[in-house]
Amino acid sequence: MVKKSNKSLIFQAKKLGKIYDNGIVRVEALKDINLTIYSGEFVVLFGRSGSGKSTLMNILGLLDQPTSGELRLIGEEASKLSSQRAAKLRNKRIGFIFQTFNLLPRMSALENVELPLIYSGINQEERLARAKKKLVQVGLEKRMNHLPSQLSGGQQQRVAIARALVNEPDIVLADEPTGNLDSRSGQEILDLIAKINKQGRTVFLITHDPQIANYSTRALTLEDGQLISDHKNG
Amino acid sequence: MVEIKELFLAAMRTLLANKTRSFLTMLGVIIGVASVITLVSIGSGLKSYIADQFESLGSNLIYVVAGDLSSSGAGIGREMMSSVYSSKLEEKHVEVIGNLSLPIIGVSGYFELPMEAKYEENDFFTTGMAVDASYGDVGKIDIEEGKFFSAIAEERNKKVVVIGAKLKEELFSLRPALGKEIMLGDYSFKVIGVLKEQGGTGGLSSMGVDNVAMIPLQTGRNVYNRENLQNILVKVEGEENIPMVKERIEKKLLDYLEEDEFSVVDQKQMLDKIGSILGVLTLALGGIAAISLLVGGIGIMNIMLVSVTERTHEIGLRKAVGAQPRDILIQFLIEAVVLSFLGGLIGVIMGFGGSLILNSFLETSVTWWSVLLAFGVSVLVGVVFGVIPASRAAKLNPIEALRRE
């Protein structure tokens, strides 16, 4: 289980910047982002499409590197991480939830959830036990051997959530997790993510649905690559 | 560390999901390996076959052949051909050798002529071998029916012929042949004997003992107007005497002939010469087949590159959930190696099969080194041509990969 220590530092970004430059077009996706996130927070990041919010999430999730500034992540300097170490942190400490679910189409729900555990080098028996447990937690005990194509959008996203949680990460990053779902499924997914946060995991969620702010402890707004607001709720 | 077993399973899953593609990719390697093994088996089969034939001719033979064999390493074929008609060997040399006091069982001279044999409506392209009567002592002559011509028949210049089993079948099929007159070229010959079937091509005759028409040397000389001999065969008593006999014959013949007008070789030297030619032939055949193996390898690389492009999204996702670059590299490498390994294995089986089928037409023998080489190269090809696509997959930036659909 995740420790519920009160104020340990999860992310600390200083003057974070990201410039895309392909030699013809130069886009400044992020400008001077200063952001500190502590453990247990439920942070929602608002922003229109193209505001740079996915870029920020990818950098926080070690999928991408900033072009300037510093990022400390659970005690490690992100710019100094080898790709091996970054892969290991993504595997053990970070769980991703994507708008398009990103399940591997030829694998059953169970196998999809097992995937991160394979890369942790965990034996098959334990993998199965842990993946099953997570699928039960997200309410899919009867769908374990279904392929993604045999599941509804909401069910697919729950498989993805089980996959994000199966390695017991400290941080869950969700990029518009309800974006491809109808409102009822979306509601269920948000409830699930709120529950995850209550268990002590830090959640960082991107959306452009203002209602989601009600679930969060903190709401950020990004516009043209800059943080323009930072509100703490409750 | 991720267990290789897991990466292997992931690779196998992909290959099985694309069965047709996997098979077609393997096909290049299958054909390459199978053709290397089959072609080499033809070459080495030919070699052992010719060796057998030489041995079936009888052991302890020394050949006196026209021309200088010792000077040109691999030139036996050409040397022998060009020297057939310019041969300086004559019957008196046979006598000279026979008169030496040596442990010799027999000496026999002969020449060959390609000719057409005819009986009634049947004709057959054959080799006429003009041999002296002592050929029966020196070469191996097994008579099925009738008899071999005697020294008397030879001296009397009779137009008689002893025919091989195949020639008999072609001309007479099941009818009796003894006593019948057949046409050899423009002349008529009486069949006095039929040889036992020996199988295949044989001995010194380029057409094989079964196809041959043997006529008395004198007759052949008169009818076809030839003075010289192609070869002189000497059968030695006791294997240990071969080097000594060889040396004596060589020395004696130098009294009559120039050094470059003849060569004295024993069976082993002859086999070595032929072996070296066929060795080159086998290598050439194998080399040609190896090119298709290379093409098969490039096919694997091609498909693996397509596969990496196609599965960019999957690679991105695997990386996002924590796959190390090494894990991706190994997974793709395993795919390539499994394809080439399996292709190699099937190719080996098909190579054996192909060689077995060909065996009913010509002698083949699968050599262990060709199997090992073809299989080894196919696996190596998988690794080498798998590395580029695999390392490309491993180096993919996860976020760019995830963005691709």
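Just so you know, all these numbers are worked out from the coordinates, no wet-lab data involved. Predicted model, so just to flag it, every value in this text is computed and none were measured. Every residue, glycine as well, gets a Cβ built from its backbone with ideal geometry; the counts of neighbours run over all protein chains shown.
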Compactness ratio of the protein assembly as shown: Cα Rg over 2.2 N^0.38 Å, N = residue count? 1.66
Hey, got the dipole for the range B:219-376? About the Cα centre, +1 on K and R Cβ, -1 on D and E Cβ, debye to the nearest 20? 700 debye
So for R0 = 56 Å, FRET eff. of B:LYS118-B:TYR256 from the Cβ-Cβ r, to 0.05, ends up at 0.90
How large are Rg and Dmax for the range A:134-191 when only the alpha carbon atoms are used, in Å? 11.2, 31
Past the 25 angstrom mark, what percentage of all C-alpha to C-alpha distances in the range A:42-198 do you count? 31 percent
Could you derive backbone 3J(HN,Hα) for the range A:101-111 from the dihedral phi with the Karplus parameters 6.51, -1.76 and 1.60 (θ = phi - 60°), listing whole Hz in sequence and x where the residue is Gly or Pro? 6, 6, 8, 7, x, 8, 10, 5, 3, 4, 5
Restricting things to Cα coordinates, could you compute the convex hull volume per residue of the range B:89-256 in Å³? 110 Å³
What order do you get for B:138-146, B:236-244 when each peptide is scored by the mean count of other beta carbon atoms within 10 Å, highest first? B:138-146, B:236-244
Under DSSP H, which helices of chain B have Cα atoms covering 30 Å or more of the helix axis and a Kyte-Doolittle average no less than 0.5? B:19-56, B:267-310, B:325-358, B:368-395
Among the GluC sites (Glu not before Pro) within the range A:107-176, which fall in a DSSP loop and have no more than 13 other Cβ atoms within 10 Å of their own Cβ? A:GLU141
Sorting A:VAL113, B:ILE152, B:ALA323 by the position of each Cα along the dipole of the protein assembly as shown (Lys, Arg +1; Asp, Glu -1; all at Cβ), the one nearest the positive end of that ordering is A:VAL113
Convex hull of the range B:234-310 built on C-alpha atoms - directionally averaged projected area, nm²: 8.5 nm²
Is there a quick way to get the dipole size of the protein assembly as shown? I mean about its Cα centre, with the Cβ of Lys and Arg at +1 and of Asp and Glu at -1; what is the value in debye to the nearest 20? 5120 debye
Given a Förster distance of 35 Å, the FRET efficiency implied by the Cβ-Cβ spacing of A:GLU77 and B:SER391, rounded to the nearest 0.05, works out to 0.80
Ranked by how many other beta carbons lie within 10 Å on average, peptides B:345-354, B:117-126, B:252-261, B:166-175 from highest: B:345-354, B:166-175, B:117-126, B:252-261
Estimated 222 nm signal from helices in chain A, with DSSP H stretches of n ≥ 4 weighted -39500 (n - 2.57), rounded to 500: -9500 deg cm²/dmol
Result: in the range A:79-136 the number of Lys pairs with C-alpha under 20 Å apart, spaced 8 or more or on different chains, is 5
To the nearest µm²/s, what D does Stokes-Einstein give for the range B:323-400 at 4 °C and 1.567 mPa s, using the Kirkwood radius over alpha carbon pairs as Rh? 90 µm²/s
What is the average number of partner chain Cβ atoms found within 10 Å of a Cβ in B:322-328? 6
Chain B: calculated mean residue ellipticity at 222 nm from DSSP helix runs of at least 4, using -39500 (n - 2.57): -19000 deg cm²/dmol
Counting other chain Cβ atoms within 10 Å of each Cβ in A:119-125 and taking the mean gives 4
Run the numbers on chain B and let me know its relative contact order in percent, using alpha-carbon pairs under 8 Å that are six or more apart. 30 percent
For chain A, the charge dipole (Cβ of Lys, Arg +1; Cβ of Asp, Glu -1; about the Cα centre) points to a positive end, and the Cα of A:SER82, A:GLN199, A:LEU45 closest to that extreme belongs to A:GLN199
Amide H contacts of B:ASN231 (H built 1.01 Å from N, under 5 Å, at least 5 apart or other chain): B:TYR110
Magnitude of the Cβ-charge dipole (Lys and Arg +1, Asp and Glu -1) of chain B about the Cα centre, nearest 20 debye, reported as 2060 debye
Amide H within-cut-off set for A:ARG218, under 5 Å, with H built and near neighbours excluded: A:PHE42, A:VAL44, A:ASN233
For the pair A:HIS231 and A:ILE19, what calculated FRET efficiency results from E = 1/(1 + (r/R0)^6), where r is the Cβ-Cβ distance and R0 = 22 Å, to the nearest 0.05? 0.20
Quick one: what are the phi-derived ³J(HN,Hα) couplings along the range A:214-224, Karplus 6.51/-1.76/1.60 with θ = phi - 60°, whole Hz, x for glycine and proline? 4, 7, 8, 9, 7, 10, 10, 10, 10, 9, 6
Based on the Cα coordinates of the range B:259-347, what is the per residue volume of their convex hull in Å³? 146 Å³
With contacts defined as alpha carbon pairs under 8 Å and 6 or more residues apart, what's the relative contact order of chain A in percent? 29 percent
Report the relative contact order of the range B:98-197, percent, no decimals, based on alpha-carbon pairs under 8 angstrom and at least 6 residues apart. 30 percent
Going from the fewest other Cβ atoms within 10 Å to the most, one would list A:LYS7, A:LYS133, B:LYS47 as A:LYS7, A:LYS133, B:LYS47
Over all pairs of different Cα atoms in chain B, the reciprocal of the mean inverse distance gives a Kirkwood radius in Å of 25.4 Å
At a 10 angstrom cut-off on C-beta neighbours, averaged per residue, how do the peptides A:161-174, B:274-287 rank from highest to lowest? A:161-174, B:274-287
Return the lysines within reach of B:LYS268: Cα separation strictly under 29 angstrom, same-chain partners fewer than 8 residues apart disregarded; answer none if there are no such residues. B:LYS47, B:LYS88, B:LYS92, B:LYS140, B:LYS166, B:LYS196, B:LYS235, B:LYS246, B:LYS251, B:LYS252
List the residues, sorted by chain then number, that are 5 or more residues from B:GLY67 or on another chain and whose placed amide H is less than 5 Å from its amide H. B:LYS88, B:PHE262, B:SER263
Note, the range A:33-44: 3J(HN,Hα) by Karplus (6.51, -1.76, 1.60, θ = phi - 60°), whole Hz, Gly/Pro = x, goes 7, 10, 7, 10, 10, 9, 5, x, 6, 10, 9, 10
Cα-derived Rg over Rh, computed across the range A:1-79 with Rh taken as Kirkwood radius: 1.02
Just name one of B:VAL194, B:ASN231, B:ALA390: the one whose Cα is farthest towards the positive end of the charge dipole of the protein assembly as shown (beta-carbon charges, Lys/Arg +1, Asp/Glu -1). B:ALA390
